[in-house]
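Engineer: Right, I'll just put the structure down here and ask away after.
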Amino acid sequence: MRGDRDSNLGPSGHRQTTACTRPALRHQSAPKIHFCLKIKAQEIHVGDVVWLHENDEIPCDLVLIGTSDPQGICYVETAALDGETDLKTRIIPPISANLSVEQLGKVKGVVECPNPDNDIRRFDANMRLFLPIIDNEKCPLTINNTLLQSCYLRYTEWACGVAVYTGNETKSGMSRGAAEPKLTAADAIIDKLTIAIFMFQIVVVLVLGYFGNAWKYTEGLKQWYLMYPVEGEAPWYDFSIIPLRFELLCSIMIPISIKVTLDLAKGVYAKFIDWDEQMFDWETNTPAHSANTAISEDLGQVEYILSDKTGTLTENKMILKRCCISDTSYGNDNGDQLNDVRLVNAISSNDPDVIKFLLVMALCNTVVPIKSNDDTVSYKAQSQDEEALVNAAANLNMMLISKDSSTAEICFNGSKFRYELLDILEFTSDRKRMSVVVKEGQTGKILLLSKGADEALLPRACPGQQIQRYLEAAEMYSQLGLRTLCLGWRDLKESEYKEWSKNFQEASCSLDNREFKIAEVCHSLERDLHILGVTAIEDRLQDGVPETIKLLRNAGINVWMLTGDKQNTAIQIGLLCNLITSGPGFESRSPRIAQAGVRLATDTLPQTPHRAGALCTGGKTEEDILRSLERALLIMKNTSETKDLAFVLDGWALEIILKHSKESFTRLAMLSKTGICCRMTPLQKAQLVAILKSAGYLTLAIGDGGNDVRMIQEANIGVGISGREGLQAARAADYSIGKFKFLKRLILIHGRYSYNRTAFISQYSFYKSLLICFIQIMFAFLSGLSGTSLFNSISLMAYNVFYTSLPVMTIIFDKDISETTVMQYPQILLHSQAGRLLNPATFCGWFGRSLYHALVVFFITISAYSDEKSEMQELSMVALSGCIWLQAFVVTMDTNSFTYPQILLIWGNFVAFYMINLILSAIPSLQLYTIMFRLCSQPSYWISMALTVAVGMGPVVAFRYFKNLYQPSAINILKQIEQSNGSIQTSGNLESARAKLTNLLTGSRKIRDSNYHPLLSDSAESAR
Amino acid sequence: MNSHAAGTSNGGSGDAAAGGAARRNTRMPKYSKFTQQELPACKPILTPKWVVSVFFIVGVIFVPIGVVSLLAARDVVEIIDRYDEACVPSNMTENKLAYIQNETISKECIRNLTVTKDMKQPIFVYYELDNFYQNHRRYVKSRNDAQLRDASKANQTSACEPEKTTANGQPIVPCGLIAWSLFNDTYNFTRGNENLTVDKKDISWKSDREHKFGKDVYPSNFQNGALKGGATLNPKIPLSEQEDLIVWMRTAALPTFRKLYGRIYFDLKENDTITVSLNNNYNTYSFGGKKRLVLSTATWLGGKNDFLGFAYLIVGGLCIFLAFAFTLLYFIKPRKLGDHNYLSWNRHPAGR
């Protein structure tokens, strides 16, 4: 990992010997200048001062103590760590801000930091520098004061820092966890079948062994030419010899090659995904990628999709669409940009509220303006919302020109204003708001500017203010599917600020529970706000999302949306993207039992009305929530149309439900096709996945941001969208795609084909092994149950490794029905979802087929080659050829589409069998010598082969044909439709058919759980 | 079987053309029909027309082959004589084992065979053993091919247990149970006064004589032990010329088997009586095996085995029957292929 990169190392320090007073403080260091040298990254020790130049990769976790920038800022690219491509600013801790370059080398001090962990967003440490440099005060350190390993230093001439974590103890090193290997559902069934076959093998061995011994004592001892040792002379283990010989013979019953063949096939499936041109995203230039090559079959069996909203369903390209300032709501229905004339007028007339509003938009953020050469300013932001706000403010003449750690410059209507940035009260997902404290350059007034979620900010409004209209505006905006933010401000008195600042400083320095303490302190300042208005930012749905969701739901997949957003927005997006069906008929049917699902911060807000097709679960108290859950469950159970009902749940309700009645929630989850969970924390998302997984469902989690990583890792299949929130999710995922819409292709095309192919390959592998094994067992009855192998070892080995494993590989090119048909009839996914192609029943079919074929081959062989022809080598070769002929026809029979590689491999292998055996027959030292030449010149050999094929395949063809015509499975029908139409026309009744299917889906799934359905058994289901 | 080339729908290629220049820098996967799984494919399905015609054609081909094979098998004239019981002197039928193991009793035996049909030369003389497990694991492994082929490898007796060496450690050539238990009944044929000489040349495979059994390998220490198995070998004759041994060592895969004893180059007429004077030496009495002498002619298909003929007739007949049955069924109960209404999600009414 840590190659031999050279890094320019500053003065090399050594570990200080000061005793650690607390075990938590692992690293104490005191850099001391000695000399400057270049060393390898692996030689850096904790406490060394490391000097970096522009574009260097950071070799270990450093605490920044100096940069070339006079403001003490440097920029890092953290793409390797969190996938976010924007630049992040890192600041020198104030304590070392005034150090000169010379001093940096001589500096002595102590850094107290926690044990290494993998949290790349937190670094709760402090630093103390020793005399004679500066005072002895503790200075808090945050993640903003660090340079983390594997990031790059950008736009900064040099920077230097003290190494705090090195090697695998760095944040990046600790994040590298070994991913748990995932086992697909198909693999699990294969494993079970393997165990079943193993048991069968043991039984066969025991039975044959017993009868073998019995034959030996009743018959074998009489066969003088066998010269069995007389009783008493035989070794003690004599009784076990025959069973062990049978064990040896039957060991081929379990195909060892299956793992290799399947792994190879899985590798090809993964490659097909990587290669798929139709899953290539032109906008972001990203192809689909499958990081996990082993689980493609699971894609075809997905039952639940749990999707993130922002960035996954939506584009995560935010644009300010509307706003509500004071009494006025700006922006109209078709308003593209916020270019409402009234707003422009209000700005030009210097409406104080509007100007303040714009000021908050421009200042209350962590955006970094970057000035390019032609004097235009572009913004780098970590939050898309903030970028949208700053951009919108700039469009409305309130331009943020420059910003550093302490000051910001605003250009409004041509004149520049300076603001001193005193403190930033950062955004956390718990607080749901952020604030900045600024000092106006000219007036010296101190202002608190806040923005945050409406339920986080409105309750903190100053008592007198009317907030009702803002609530209504927020409500209205979220119904339009817009993301709302509330803006507010207040004046701070100098004294108040000073006192608070001290507390804040203290809280920032605390080592444990810092986040909580800071939140407390911030809380105390963010009160009595003067609410300015509400912004509404549009996050557009990604291209093709509604169609994709509709298709996936038609395919019988339950789609849940898990979002951190608020309920209204979530439901609205749900409606927009077909997650919830709304219709006039629905309103009446849907039960009006809903409570407000949102946990409200205060009781002043009205309850959220119930929405069409959505069953909200929630309430203010625990009892409320649990009661509403029970009611929802009851309704789900009793109403026949509930399948289209979605349940809506928020994070708080989930927490309580999980604590008190996990089972009823699991039942609810199983009953409803759609779920919308809002206000979810990353952990809760993962918990939901775990619940569904524990109920035995195959889950797919899709997300794009760091907050989805846990869910992605927890699910059976994790899909990451390489989107704007960085590559973090894509890195953790098994598959990464550029857009949500590619999911349908990933599941319906790649997943389905992979499942079908694996189902065939695995069962065929058992079939061919059983075939040859059954022949051996039958031969045992003609060879005195002594365990003679009919086939020689070369043939046996080549049979498994060569003759039979190559043709079966052709199935990786097979397509039962064309891609267009699958997309037209997504319901067909139900077949693979319910495991119709690979289950004990289908396996029994293959088992029976191999038994039948073994009987055919064996009896034709011994009948045609009896009496004077019953030479061992010849007979064995005839039987082997029979197997090869049959297997070539079996593969042909089960291939749905023939492409030239398939024809080439199946029949090429067939030809190769003869070539190889003819060559082997030319080597005098082999037992096979001349056998194949003799056989090929005998008419009876060829006649026997033709007979074997006819008798072996005839019933299979007849049976297939009969089923195909009179009891066709859905796949059969679609194949026929494909044939008869050439191309498919959407028939009129298709839509209604789909609607009917949705009613069937839950039922079908229940049936699947209780017993398996063999392929071609739709009728069995209908009889139920 | 119907077939059509799968249409190649490439939605992305339109964009591809648009982005022609950008393509060089893009991470877009290289387009090929193979990687896009768009190779032209033939998709046969089992339509009535195809299935019926396949069955019919197979039937039409199989029946004549069956007839020809059956005729060929019927052409063969076979005389089978079981002599193991008959050759035991009447006073020893209660204790056949004692008879066969007593070397002092003469094993000569005369059998008269009547030719049922004209037999053209060459007439193959087989001996048939029954309930004799040449394919027993203990037996089939008990040989050493290297020793048989190469005189310098006489000491290689591995796998030959328990007939490896003599009591004093000398290697037995040819070693092993197979050689040791070599069949040793002999037959002489006369028709009236005419001696029907049995030609015992070329009864073994040429390849065996030339490559498996050495021209300079001579039997040594063979059948010298206390326990005599079967025939002895003339130590003056190399193994490659010991054709009875070579034939015997081509082990049979089934417990009932025939091995070639020799050929008679005389035409036999119907109702000819052939006198066989045989030496009934070989012990099959201990395990109740039968011994038969078989005189048989041969055709292109081999001996008198009508299995293939009958099998072809039956299979061919069944195929034609199925073809008609399917046709009939199709007209009685016609089904439209690819009917939407048969789709499971279309078939069931809502609610269950």
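Engineer: With contacts defined as alpha carbon pairs under 8 Å and 6 or more residues apart, what's the relative contact order of chain B in percent?
Structural biologist: 30 percent
Engineer: Over all directions, the average projected area of the alpha-carbon convex hull for the range B:152-250 comes to how many nm²?
Structural biologist: Result: 7.3 nm².
Engineer: Convert 37 °C to kelvin, take the viscosity as 0.692 mPa s, use the Kirkwood radius over C-alpha pairs of the range A:433-564 as Rh, and evaluate the Stokes-Einstein diffusion coefficient in µm²/s, rounded to a whole number.
Structural biologist: Once the numbers are plugged in, D ends up at 186 µm²/s.
Engineer: Here's another thing I want to ask about it. Would the range A:135-244 count as rounded, prolate or oblate if I go by the C-alpha gyration tensor, calling it rounded below 1.5 in a/c and otherwise prolate when a/b exceeds b/c, oblate otherwise?
Structural biologist: Here the range A:135-244 falls in the prolate category.
Engineer: Still on this model: Which of the three applies to the range A:486-571, rounded, prolate or oblate, going by the alpha-carbon gyration tensor with a ≥ b ≥ c and a/c under 1.5 meaning rounded? Walk me through the numbers on the way to the answer.
Structural biologist: Numbers: a/c = 4.87, a/b = 2.28, b/c = 2.14.
The shape class here is prolate.
Engineer: Next question. If I take every Cα pair under 8 Å that is 6 or more residues apart in the range A:677-757, average their sequence separation and divide by the length, what percent do I get for the relative contact order?
Structural biologist: Relative CO of the range A:677-757 lands at 21 percent.
Engineer: Oh, and also: In angstroms, what radius of gyration and Dmax does the range A:668-754 have, counting Cα atoms only?
Structural biologist: For the range A:668-754, the Cα radius of gyration and maximum Cα-Cα distance read 12.8, 37 Å.
Engineer: On to the next question. Order of B:86-96, A:443-453, B:126-136 by packing, highest average Cβ count within 10 Å first?
Structural biologist: Numbers: B:86-96: 12.7, A:443-453: 19.8, B:126-136: 21.9.
The peptides rank, most packed first, as B:126-136, A:443-453, B:86-96.
Engineer: Along each principal axis of its Cα atoms, how long is chain B end to end? Whole angstroms, biggest number first, please.
Structural biologist: If we take the Cα atoms of chain B, the spans are 100, 59, 49 Å.
Engineer: Of A:Lys309/A:Lys566; A:Lys403/A:Lys517; A:Lys309/A:Lys356; A:Lys309/A:Lys685, which pairs sit farther than 20 Å apart, going by alpha carbon to alpha carbon?
Structural biologist: As for pairs spanning more than 20 Å Cα to Cα, those are A:Lys403/A:Lys517; A:Lys309/A:Lys356.
Engineer: Ok, one more. List the trypsin sites (Lys or Arg not before Pro) within the range A:484-578 that fall in a DSSP loop (any state other than H, G, I, E or B) and whose Cβ has at most 16 other Cβ atoms within 10 Å. Before the final figure, lay out each step's value.
Structural biologist: Values: sites: A:Arg490, A:Lys493, A:Lys498, A:Lys502, A:Arg514, A:Lys517, A:Arg527, A:Arg540, A:Lys550, A:Arg553, A:Lys566; in loops: A:Lys493, A:Arg527, A:Lys566.
Those satisfying the criteria are A:Lys493, A:Arg527.
Engineer: Gaussian network model of chain B, Cα springs within a sub-10 Å range: biggest mean-square fluctuation belongs to which of B:Arg209, B:Arg335, B:Arg191?
Structural biologist: Checking each option, the largest mean-square fluctuation is seen for B:Arg335.
Engineer: Rounded to the nearest whole Å², what accessible area per residue is found for the range A:689-781 with the 1.4 Å probe? Walk me through the numbers on the way to the answer.
Structural biologist: Values: 1820 Å² over 93 residues.
Using a 1.4 Å probe on heavy atoms only, each residue of the range A:689-781 averages 20 Å².
Engineer: Could the peptides A:782-791, A:764-773, B:268-277 be put in order, highest first, of the mean number of other beta-carbon atoms found within 10 Å of their residues?
Structural biologist: Sorting A:782-791, A:764-773, B:268-277 by mean packing, highest first, produces A:764-773, A:782-791, B:268-277.
Engineer: In the range A:189-253, if the dipole is taken from +1 on Lys/Arg beta carbons and -1 on Asp/Glu beta carbons about the Cα centre, which of A:Ile195, A:Gly220, A:Ile241 is farthest to the positive end?
Structural biologist: With unit charges placed on the Cβ atoms, the residue in question is A:Ile195.
Engineer: So if I take the centroid of the Cα atoms in the range A:650-688 and the same for the range B:203-277, what is the distance between those two points in Å?
Structural biologist: Cα centres, the range A:650-688 to the range B:203-277: 84 Å.
Engineer: What does the highest-first list of A:161-171, A:686-696 look like by mean Cβ count within 10 Å?
Structural biologist: A:161-171, A:686-696
Engineer: Give the average, rounded to an integer, of partner chain Cβ atoms located within 10 angstrom of each Cβ in A:945-953.
Structural biologist: 4
Engineer: Have a look at A:Asn373, A:Leu343, A:Val354 and report the one farthest towards the positive end of the charge dipole of the range A:337-384, computed about the Cα centre with Cβ charges (Lys/Arg +1, Asp/Glu -1).
Structural biologist: Positive-most Cα among the choices belongs to A:Asn373.
Engineer: For peptide A:276-283, compute the average count of partner chain beta-carbon atoms within 10 Å of each residue's beta-carbon.
Structural biologist: 6
Engineer: Something else: Give me the inter-chain shielding for A:813-823: mean count of other chain Cβ atoms within 10 Å, whole number please.
Structural biologist: Mean partner shielding for this stretch: 3.
Engineer: Place a +1 charge on the Cβ of each Lys and Arg in chain B and a -1 charge on the Cβ of each Asp and Glu, then give the dipole magnitude about the Cα centre in debye, rounded to the nearest 20.
Structural biologist: 2040 debye
Engineer: Hey, another quick one. Rounded to the nearest 100 Å², what's the accessible area chains A and B bury against each other, both chains counted, probe 1.4 Å?
Structural biologist: 9500 Å²
Engineer: Positive end of the charge dipole of the range A:815-947 (Lys, Arg +1 and Asp, Glu -1 on Cβ, about the Cα centre): tell me which of A:Leu947, A:Thr861, A:Ile817 has its Cα farthest that way.
Structural biologist: A:Ile817
Engineer: Only helices at least 27 Å long along their axis, Cα-based, and averaging 0.5 or more on Kyte-Doolittle count here, so list those DSSP H runs from chain B. Show your work: numbers first, answer last.
Structural biologist: On the way: long enough: B:48-75 (40 Å, 1.72); B:307-332 (36 Å, 2.33).
The qualifying helices are B:48-75, B:307-332.
The values are calculated or read from the model by the stated rules, or taken from the named source; none is laboratory data. This is a predicted model, so every value here is computed, not measured. For neighbour counting, all protein chains shown are included, and Cβ atoms are generated from backbone atoms with ideal geometry for every residue, glycine included. Note: areas computed on protein heavy atoms with side chains; ligands, DNA, RNA excluded. Shrake-Rupley method; radii C 1.70, N 1.55, O 1.52, S 1.80 Å.
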